[in-house]
Structures are given as structure tokens and as C-alpha cells.
1. Can you work out which of the residues in the stretch 273-288 that are aliphatic (A, V, I, L, M) and closer than 21 Å to S28 by Cα is nearest to the ligand (Cβ to nearest atom)?
2. Out of all the residues in the stretch 279-294, which are of a type in the set (S, T, N, Q) and surrounded by fewer than 17 Cβ atoms within 10 Å (Cβ to Cβ)?
3. Is the stretch 200-207 home to any residue that is out of contact with any helix residue (DSSP H, G or I) (no Cβ under 9 Å at 6 or more places or on another chain), within 21 Å of S39 (Cα to Cα) and surrounded by fewer than 21 Cβ atoms within 10 Å (Cβ to Cβ)?
4. Quick one: which helices (runs of 4 or more DSSP H) lie wholly within the stretch 80-143 and hold at least 1 residues that are of a type in the set (S, T, N, Q)?
5. Identify all residues within the stretch 170-195 that are without any contact (Cβ under 8 Å) to a residue 40 or more places away in the chain and buried (at least 20 other Cβ atoms within 10 Å of the Cβ); write none if there are none.
6. Return the residues of the stretch 235-253 that are within 14 Å of the chain's Cα centre (by Cα) and within 11 Å of the ligand (Cβ to nearest atom); say none if nothing qualifies.
7. Looking only at residues in the stretch 18-43 that are of a type in the set (A, V, I, L, M, F, W, C) and without any contact (Cβ under 8 Å) to a residue 40 or more places away in the chain, which one is nearest to L82 (Cα to Cα)?
8. Can you confirm whether I213 is among the β-branched types (V, I, T), within 18 Å of the chain's Cα centre (by Cα), within 26 Å of F293 (Cβ to Cβ) and crowded, with 23+ Cβ neighbours inside 10 Å?
Amino acid sequence: MTQPDLLRVESLEVHFPLPRPYPWVARSTVLAVDGVTLSVGEGRTLGIVGESGCGKSTLALAVLRLVEPTAGRVLFEGTDILELAPRALRPIRQKMQIIFQDPYSSLNPRSRAEQVVREPLDVQNAFSDSERRDRVDELFNLVGLRPEQKSLFPHQFSGGQRQRLGIARALALSPKLIVCDEPVSSLDVAIQAQILNLLSRLQQELGLAYLFISHDLAVIQHICDDVAVMYLGKIVERTNRNEIFRYPLHPYTQALLSAVPKREPGARKARRKDKRLKGEVPNPAAPPSGCSFHPRCMYARDRCRQEEPELSEIAPGHIVACHFATAEGIATS
Ligand code: SF4
């Protein structure tokens, strides 16, 4: 029997109106998240990957209602959290936590580590004082920090240790889902691996689900079960990890993957190189017509400039938004 989704996001939109440069000029709007649908099962990890400015972090914040969506639904255990008043939202918030990209800026520099980790317990008024102290000890142990580090301030920790502190704080209220917003991108590669291994271990031990935001495909490959590729506010490809890395079907995904160094036979390597991304992500306040990837797409044709492609299932469980994607690749005739 298939498990119901822990998190289901349906047609989510986040629009930011821009200030008018002059009173007589019409106000324009950035469609930071533009009709995103996705789901995360219990104990699973969904990776969201794309370049900077594609809307990944806005999506992460909107899922937690840390920015207010413009339209759509965010169902957590079947309840649409966008419909809830703040008081009703509070108990659900305990089950949905976030780990930020920069552990240093997300930790209060004046709080000792113990206070940092304990803060969610204090805010929710959860447990007695001695139970809170025990819980902090348990969390320090869980993330690999030593008990004597509880009295230190955040600046006395290394970057990796600070991220462990952020993870301990996110775990304090025993969440079911953690939104990880680029949690290792400010760390050295060796430390990245330690934090990713910690997140994997915690997932196995605690049955956590992750919505994992990253621009780094190597990181996504390491930790995610399923992957959604985002471009200019929209999901353009979605499938499981093996499929996306072995058979990427959207030209944008192919281009992202061609930038990842791989040990492969020369012919395949040459083919990947041809697909490297050209140009920059367009201005989201003035997105291109039709398929928003067309100015950078090596396969673009007239239809791409005029008609926006819909997401459709090209192979079992493999969904792509491209007029010419087939299970064998991009149709060129
Ligand atoms: Fe490229 Fe056209 Fe497919 Fe868009 S629809 S990805 S421009 S081939």
C-alpha cells in the first residue's frame, strides 16, 4: 500500500510586486514561485535544484509560511496550512522545521549554545525545566557536539559545528519534516560530507523527511531520493535520483549535469560538454515568452518562443516540461 504524502504542495505561487520606477509606469511583479506542485513522503528526501535566482529558497520559505504564498495549497499531513490562523498553525509548525544556509547568521551571537538549542522548547513552553535540560543534552549527543560545548557562543564554533547547532535546534521539537535551505553550501567539501552523513543518519534514526534545497548536483545526488529541477519559478523536470542522473530529459537539467565533472568514457564526456549552459538566468520580472528556457536552449524552435510547455509524464514517474522531450532524448526533427 502506498504511504500518503507527508507534504503536498499544489499549484503554489509566490508573487512579489516591484516598486514603480515612476508613478505613470505600471507596477510589475516577480513570479518567484509560479505554479509549483510537489510531494514528499514520510522518511523521504526531495531535492530541489537549480541556479541562484530560480526561486528555490522562496519555495522553501513559502512551504513553511515564512513568506506568504499568493495562491495554491500546502498540505501537511492532509491539512492545508495556508488556511490556518496563527494559533492553529503553531502545533503544525513544531513538526516542520528549517535549517538555513548560513549557520552563523541564523544563530543569535549573544546566546550560548545551550540557549540556542533550547530556545524552541522555551518558546513552545514544552516540558519542565529539567526535561528541557535533558533534551538539550540528548540533542547535543545526537548531532555529535560535546557536553562542554554547551556554554560556548556561536563564534567559538567552526562552520561545521555551527551547522550541527542549527540542526540540533531544528530537531528540538521532534519534527517530521525539515526544510534544508542550502545547508552545506557555505562549508568546505570535507565538512559538507560530514554534515550530509549526519543528516542521512538522523533521517534513518528519526524517520525524518527532508525538502532539500541546493544548487549543487553532487550534494543532491548524495542525499536525495527524488529530485525536482527548478527554472525561473517553475519545476521543469521531476523524477527519482537514479533516473535524473542517468537519463536527464529536460535540456536545462542536461546542461546543469554537463557542468558536473564525471569520470566517463571520452565520447560521452564530449557530448555532455556540448550542452553546457550559456548566458544568465533571465530577469524574473520580465520572463521570456513561451518556454522561459528558450533563450538559453540549444534545441529552441519557433514553437518554444510562442507556447509554454506543460509538465507531462514522458516515462513512468518521469515528468518533464519540454515540447520536444521524449524518453530517448530531445526530438530534433
Ligand atoms: Fe528547449 Fe523548447 Fe524544450 Fe523549452 S520547450 S526546453 S526551449 S526544446
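1. V281
2. Passing the criteria: N283, S289.
3. yes
4. Once the helices (runs of 4 or more DSSP H) in the stretch 80-143 are filtered for at least 1 residues that are of a type in the set (S, T, N, Q), what remains is 113-123, 129-142.
5. Looking only at the stretch 170-195, we keep the residues that are without any contact (Cβ under 8 Å) to a residue 40 or more places away in the chain, and these are 184, 187-195.
Once the filter is applied, which keeps residues that are without any contact (Cβ under 8 Å) to a residue 40 or more places away in the chain and buried (at least 20 other Cβ atoms within 10 Å of the Cβ), the stretch 170-195 yields V184, L187, Q192, I195.
6. Residues of the stretch 235-253 within 14 Å of the chain's Cα centre (by Cα): 235, 238.
Passing the criteria: none in range.
7. Going residue by residue through the stretch 18-43, those that are of a type in the set (A, V, I, L, M, F, W, C) are 18, 24-26, 30-33, 36, 38, 40.
Remaining after also requiring without any contact (Cβ under 8 Å) to a residue 40 or more places away in the chain: 24-26.
Values: W24: 34, V25: 32, A26: 29 Å.
Among residues in the stretch 18-43 that are of a type in the set (A, V, I, L, M, F, W, C) and without any contact (Cβ under 8 Å) to a residue 40 or more places away in the chain, the one nearest to L82 (Cα to Cα) is A26.
8. Yes, satisfied.
The values are calculated or read from the model by the stated rules, or taken from the named source; none is laboratory data. Bear in mind that the values here come from a model prediction, so they are computed numbers and not experimental data. Counting neighbours? That spans all protein chains shown, and the Cβs are built from the backbone with ideal geometry, glycine included.
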